[in-house]
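Engineer: Sharing a structure below in structure tokens format, with a few things to ask.
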Amino acid sequence: MKESYYPQEIEKKWQKVWEDNKAFKTYDDTDKPKYFALSMFPYPSGKLHMGHVRNYTITDVIARYKKMNGFNVLHPIGWDSFGLPAENAAMQHGANPENWTDENIAYMTKQLKMLGLSYDWDREVTTCKPDYYKWTQWLFLQLYKKGLAYKKEAAVNWCDKCATVLANEQVIDGKCWRCDSVVEKKYLSQWFLKITDYAEVLLEDLDKLPGWGDNVKIMQANWIGKSQGALLKFKVKEIPGMEVPVYTTRPDTVYGITYLVVAPEYKDIEKLTTPENKAAVEEYRANARKMTEIERLSTDRVKTGVPLGTHCINPFNGEEFPLWTADYALVEYGTGAVMAVPTHDTRDFDFAKKYNLPKKVVIENPETPSDCKDEAYTEPGVMVNSGEFNGMSNEDAKKAITQKAVDEGFGEFKTQYRLRDWLVSRQRYWGAPIPVVYCEKCGIQPVPEEQLPVLLPKDVDFTVTGKSPITTSKTFVNTTCPCCGGPAKRETDTMDTFVCSSWYYLRYSDAKNANAPFDKKLVNKWLPVDQYVGGIEHAILHLLYSRFFTKALRDLGLLDFDEPFKNLLTQGMVLKDGSKMSKSKGNTVDPDEIFENYGADTARLFILSDSPPARDFDWSDAGVEGCYKFLNRVWRLISSNAKNITMDYKLEFPLRKDNDDLVRNVHIAIKGISNDISNDFQFNTVISKYRELVNAIYDWQGKKGELDNEDKQVVSFAILSLIKLISPVAVHLSEEAWSELGGKTSIHDEEWPKWDENLAKASSITLIVQVNGKLRDKIEADETLSDDELKALALESSKVKEFTDGKTIVKTIVVPKKLVNIVVK
RNA sequence: GCCCUGGUGGCGGAAUCGGUAGACGCGUUGGACUUAAAAUCCAAUUGGGUGUAUAACUCAGUGCCAGUUCAAGUCUGGCCCAGGGCACCA
């Protein structure tokens, strides 16, 4: 065995062996329990960044650990390879998005292999390949048949720079998630997936996910935004037969309504406007249209509005109140109309104050009644000025008032969600074509399944601006109607890439299936994913869409489970100098350089070492250096002992004290490391424990001269255990060392070491002695001593006596085998 | 404004149930080895104080203020700060 560590050479050597042997291929039929470990698959942007390295290393260590613990592990990888960057690159360089993508995949594949990741490459999936997107299209058609995909004209988010529409989930603070440009509203006819049908179950089933962090679950719950209230209908005084319905969560405040607001885009607004008010209303609406979403939704903007001239009648008390339009009412939520109660809603209060609209208190705290002159009263209280409901608590009144509305026919109980349907069409080339055609006679026609895939055309001009490159194809658009055989036009929109990524994890169970997206038996065998690892940025987007897909496909009978990801680990970001690594800041670290200078094992060790996986990780060059030194230290420990180590060692108890202590340290390490991995994958403390074990072996060795037979058995046990423990992280070093020491098979086929509970603790205990809760002495004691004996031992201590002399002992607390606290006065 | 997460040495962080605060590492300082350097190894490293200064001892200390307890980084109440999410959602 060579004396010094030479990572570049051994890493290359073993990577080739593993590839040639298909060392990490997963077979479907074994008796072992299954374990599906999955990283969120990458977009092939060009090169791996450190966030990828962190993500894939975490999952790889988990996969390897589970394999050593007897699981049949599925650990695949693939490419989320449709999307705008490829198309933009093509436009800039006159290239083809497909070539650009293929080159990136080839390069990144090489990097993944250099990292020593244990993927089953036979299950690789690539969403931009026809053998994959055929099934994306097929699934779209199944959703269409079920009424879960539909086309409608709606106000949608438009990003001018990306020249496409966006889903609500892709608009962050009124800006495009990808390019940060301000998003506009446009009225367009677009394809939607009916995720709102699943709003309730998507919310409820969050409770079935104890293996997800609360932060993610809360974010999803907020996004779904369930609220319960009432739908109330108000007759319009001036227009017989016309009603304005409003949704409210505060039916208890109906007696306090003093006006009603409709959104500027409200569908009946023109009917509700009197001729005298028409000009002012038109002008107000025109201004509202001009505003960006950001301006419009800013909460610190002064609220504005204009009256329509008409009035509604409050069915509860017969009062009349005016109708206004104001842009603080949102057309997309509820009915687009709001009943305004300035006394008990802060927004209505602001508006009423500005326009001098009346206020009427209907809820009061009896102890501190407020006239609501200075601010709205939004706390619970007792009903006043509310007819038959006076004296009731406002919480009870919500129900009672709604019930009255139900009984008298002007309202109903209503549950409202903020979640909107998922807009999936994109006016771009590089995506899965939406498989429908438009026929003048027959209307929208799905492409027959046997004609799938609808292939992306190649005769495309990528340099066009203002329209999707796909529309420049001479061969794509014109087709025949599958229904009447007459001329028809293909849909030129492609699908949001998030559609492709909403089912890729299912495809891994049966990646090569040419007859179906996946076999039902196989998908039910491997799924749900046991451990999913990825960035928090997908807390809503990908994770919500995937949950929706899984439930929809279950309802289509394609699979039998209802949640795709049993456990979710959201890893923190990789930072450098306290801020996120980015090209624009110039603080990136190139993984290739790290592999070249230190090797993949160092990179893997370091990326796991300093922070727990869920927390942000600050990259430091000194830290990498430290990990490299540690691996050298491990290597030297092994190589300098190579001649003393036998694979078939035997420990014969009792051992001499120093040897017994080393064996104990090994068991303590096995136990600690196993527990840390089981407990939320705390790899940072796992690595501390590697170091402690290595230090312990060095210390032991430092006190020895020539090793006798017992020493050799003990050091064999210690070092071979160390190699196993470190093998999921230092995958190459451990393989090389194992092989050099005479291992017949791969270290990665070994079993995880087990600990003996009796040996996984120190041979004696350190008794902590406190006086009045303060540490005064530590005494080495035999662990068999009883509580009384420990107490006596503590009282004998001279240090304790200094603090107890001349005082009365009030009581003594003994924590068995650990601590004695003497309370004195 | 609402919700979530966090706040521990110079730094990253550790600390099953409330029971030795600061594991492990980075950095720093001193030393050994060397002609020298690198590498390696050894030692010190929360702050203040007493001190025979290489010993030994002592007080304070986990964002702030209270509380519960024999005992609080850990539990309770009230604040402050940082990061993240949502936000005119009626």
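The values are calculated or read from the model by the stated rules, or taken from the named source; none is laboratory data. Note that the structure is a prediction, hence the values are computed from the model and not measured. Counting neighbours? That spans all protein chains shown, and the Cβs are built from the backbone with ideal geometry, glycine included. Heads up: the accessible areas ignore ligands, DNA and RNA and are worked out on the full protein's heavy atoms, side chains in. Shrake-Rupley method; radii C 1.70, N 1.55, O 1.52, S 1.80 Å.
Engineer: Tell me, what % of the accessible area of segment A:1-106 is carbon and sulfur with a 1.4 angstrom probe?
Structural biologist: Working: 2230 of 4420 Å².
Its accessible area is 50 percent carbon and sulfur atoms.
Engineer: Please list, in chain and number order, the residues 5+ apart from residue A:69 or on another chain whose amide H is under 5 Å from its amide H, with Hs placed from the backbone.
Structural biologist: A:752
Engineer: Please report, as a whole percent, how much of the solvent-accessible surface of segment A:676-741 comes from carbon and sulfur atoms (probe radius 1.4 Å). Walk me through the intermediate numbers first.
Structural biologist: Values: 860 of 2220 Å².
About 39 percent, which is the carbon plus sulfur part of the accessible surface.
Engineer: Strictly greater than 19 Å: what percent of every Cα pair in segment A:332-424 meets that? Mind dumping the intermediate values first?
Structural biologist: Details: 2314 of 4278 pairs.
Roughly 54 percent, once rounded to a whole number.
Engineer: Assuming R0 = 25 Å, what is the FRET efficiency of residue A:222 and residue A:249, from their Cβ-Cβ distance, to the nearest 0.05?
Structural biologist: Step by step, r from the Cβ atoms, then E = 0.95.
Engineer: To continue, here is another question. What would the Debye formula give as log10 I(q)/I(0) at q = 0.24, 0.25, 0.30 Å⁻¹ for the alpha-carbon point model of segment A:249-298, no solvent?
Structural biologist: -0.95, -0.97, -1.11
Engineer: Separate question: Go ahead and run the numbers for FRET between residue A:313 and residue A:290, Cβ-Cβ distance against an R0 of 41 Å, rounding to 0.05. Write down the numbers at each step before the final one.
Structural biologist: On the way: r = 34 Å, r/R0 = 0.83.
Between residue A:313 and residue A:290 the formula returns 0.75.
Engineer: A follow-up question, please. Taking each pair of distinct Cα atoms in segment A:654-733 once, what is the resulting Kirkwood hydrodynamic radius in Å?
Structural biologist: 13.2
Engineer: Quick one: what are the phi-derived ³J(HN,Hα) couplings along segment A:304-320, Karplus 6.51/-1.76/1.60 with θ = phi - 60°, whole Hz, x for glycine and proline?
Structural biologist: Going residue by residue, I get 10, x, 9, x, 8, x, 9, 9, 10, 10, 7, x, 7, 10, x, 5, 9 Hz, with x marking Gly and Pro.
Engineer: Moving to a separate point now. What is the Å³ per residue value for the convex hull set by the Cα atoms of segment A:64-165? Kindly include the intermediate steps, with their values, before the conclusion.
Structural biologist: Working: hull volume 18.5 nm³, N = 102.
Residue-normalised Cα hull volume stands at 181 Å³.
Engineer: Taking Rh as the Kirkwood radius, which is the inverse of the mean 1/r over Cα pairs, what is the Rg/Rh value for segment A:252-370?
Structural biologist: Values: Rg = 14.7 Å, Rh = 15.0 Å.
Ratio value, two decimals: 0.98.
Engineer: What is the distance in Å between the Cα centres of segment A:710-728 and segment A:57-101?
Structural biologist: Taking the Cα centre of segment A:57-101 as reference, the centre of segment A:710-728 is 36 Å away.
Engineer: Compute the convex hull volume of the Cα atoms of segment A:582-628, divide it by the residue count, and report the result per residue in Å³ as a whole number.
Structural biologist: Working: hull volume 3.7 nm³, N = 47.
Value for segment A:582-628: 78 Å³ per residue.
Engineer: If you roll a 1.4 Å probe over the heavy atoms of the protein chains, what accessible area per residue do you get for chain A, in Å²?
Structural biologist: Details: 36690 Å² over 825 residues.
Here the residues of chain A average 44 Å² of exposed surface.
Engineer: If you roll a 1.4 Å probe over segment A:463-523 with all protein chains in place, what percent of the accessible area is carbon or sulfur?
Structural biologist: Numbers: 1340 of 2550 Å².
So the carbon and sulfur contribution to the accessible surface is 53 percent.
Engineer: So, one more: Can you return the aspartates and glutamates within cross-link range of residue A:186? Criterion is Cα-Cα under 13 Å, with same-chain partners fewer than 8 residues away left out.
Structural biologist: Output for residue A:186: A:153, A:160, A:265, A:293.
Engineer: Give the angle, between 0 and 90 degrees and rounded to the nearest 10, that separates the Cα long axis of helix A:541-555 from the longest principal axis of the Cα atoms of chain A.
Structural biologist: The angle comes out near 80 degrees.
Engineer: If you don't mind, there's one more thing I want to ask. Would you mind putting A:601-612, A:667-678, A:12-23 in packing order, based on average other-beta-carbon counts within 10 Å, highest first?
Structural biologist: Details: A:601-612: 23.9, A:667-678: 19.5, A:12-23: 14.1.
For the peptides A:601-612, A:667-678, A:12-23, the packing ranking is A:601-612, A:667-678, A:12-23.
Engineer: Report the Cα-based extents of chain A along its three principal axes, largest first, to the nearest Å.
Structural biologist: Reported extents, whole Å, longest axis first: 107, 87, 49.
Engineer: Separate question: Nearest-5 percent of antiparallel DSSP beta bridges in chain A?
Structural biologist: Restricted to chain A, the bridges split so that about 75 percent are antiparallel.
Engineer: What pairs in A:303/A:359; A:774/A:825; A:12/A:704; A:271/A:398 have C-alpha atoms more than 26 Å from each other? Could you put the intermediate results ahead of the total?
Structural biologist: Details: A:303/A:359 17 Å; A:774/A:825 14 Å; A:12/A:704 36 Å; A:271/A:398 31 Å.
The pairs that break the limit, which is 26 Å between Cα atoms, are A:12/A:704; A:271/A:398.
Engineer: Check the straight Cα-Cα distances from residue A:818 and name the aspartates and glutamates below 12 Å, setting aside those fewer than 8 residues away within the same chain.
Structural biologist: A:780, A:782, A:783, A:787
Engineer: Moving on. Report the Cα centroid-to-centroid distance between segment A:353-386 and segment A:764-797 in angstrom, as an integer.
Structural biologist: Between the Cα centres of segment A:353-386 and segment A:764-797 lies a distance of 65 Å.
Engineer: For segment A:723-740, in order, what is each residue's ³J(HN,Hα) by Karplus, 6.51 cos²θ - 1.76 cosθ + 1.60 with θ = phi - 60°, in whole Hz (x at glycine and Pro)?
Structural biologist: Per-residue couplings from phi come out as 4, 5, 5, 8, 5, x, 9, 8, 6, 7, 4, 5, 5, 5, 5, 4, 5, 5 Hz.
Engineer: I'd like the Karplus ³J(HN,Hα) series for segment A:480-493: coefficients 6.51, -1.76, 1.60, θ = phi - 60°, whole numbers in Hz, and an x wherever there's a Gly or Pro.
Structural biologist: 10, 6, x, 8, 10, x, x, x, 8, 10, 6, 4, 9, 6
Engineer: If you don't mind, another one. When the helix-only estimate is applied to chain A (DSSP H runs of n ≥ 4, each -39,500 (n - 2.57), divided by the residue count), what is the mean residue ellipticity at 222 nm, nearest 500 deg cm²/dmol? Please report the intermediate quantities before stating the final value.
Structural biologist: Values: 24 runs with 292 residues, N = 825.
Calculated from helices alone, the mean residue ellipticity at 222 nm is -11000 deg cm²/dmol.
Engineer: Could you sort out which of A:129/A:566; A:34/A:689; A:110/A:467; A:2/A:744; A:22/A:744 sit more than 25 Å apart by Cα distance in this structure? Walk me through the intermediate numbers first.
Structural biologist: Numbers: A:129/A:566 28 Å; A:34/A:689 28 Å; A:110/A:467 36 Å; A:2/A:744 19 Å; A:22/A:744 17 Å.
Among A:129/A:566; A:34/A:689; A:110/A:467; A:2/A:744; A:22/A:744, the Cα-Cα distance tops 25 Å for A:129/A:566; A:34/A:689; A:110/A:467.
Engineer: Evaluate Rg over Rh across segment A:740-825, taking Cα atoms for both radii and Kirkwood's formula for Rh.
Structural biologist: Numbers: Rg = 20.8 Å, Rh = 15.4 Å.
Answer for segment A:740-825: 1.35.
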